[in-house]
Amino acid sequence: MNFKIKIIVAILSGVMIVSSSCNTNQAPDNLFQELGGLDTLELVVDTWIDSLQSDVLISSYFSNVFNDSIATLNFRNHVVEQFCSLSGGPCVYKGRDMQLVHHPLHIQPEDFEKSVNYLRNVLNMYIADESIVLNFIVRVQLLEPAIVNL
Ligand code: HEM
């Protein structure tokens, strides 16, 4: 192989390596941006917590949390972190393991469904595109086995 051909082969293999690494890196998950980023997620979580607090049955599970402003703030911040990370955002969830927190509470499927419906209504208040809302709701629904325990 003469020198010119060697250079062309080297350039082409470089291009192939770069393009194959782009292919394996799928399209970036931009649900976090589509949802409006951290500002919107914080609004969503605060409004969702208001809905949970207004529901007598759901809030009965949270008596230890909602009676204590620091516990409520911790809960709120952990849910924000979790929603941010679930949507592909830059946060790391630093709360407790979901199953360890929820299973001892014996949360029933209808209570889970009700909470998710509240969340969907809240998302609809801030996000116009229903497909974005549903995309996020599907991710939250995947948490059901870690939350519901008959
Ligand atoms: C719908 C999806 C749900 C999500 C994404 C979710 C998320 C979370 C998160 C992130 C925490 C905080 C854990 C920590 O601070 O270490 C938490 C705690 C808690 N969740 Fe859920 N949760 C959901 C559904 C429910 C439901 C349906 C109930 C009850 C009806 C419930 C009751 C609780 C309670 C009582 C705590 C506090 C437990 C404690 O501090 O001892 N959660 N949840």
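FYI, it's all coordinate maths here, none of it is from the lab. It should be emphasised that the depicted structure is a prediction, and the values quoted were computed from it without experimental measurement. Positions of Cβ are generated from backbone atoms using ideal geometry, with glycine treated the same way; all protein chains shown enter the neighbour counts.
Restricting the trypsin sites (Lys or Arg not before Pro) of the range 82-150 to loop positions (DSSP other than H, G, I, E, B) with no more than 15 neighbouring Cβ atoms within 10 Å leaves Lys94, Arg96. Annotation for Leu134 and Leu105: the two label points, set 7 Å from Cα along the Cα-Cβ direction, are 2.8 nm apart. Ratio of Rg to Rh for the range 29-147: 0.93 [Cα atoms; Kirkwood radius as inverse mean 1/r over pairs].
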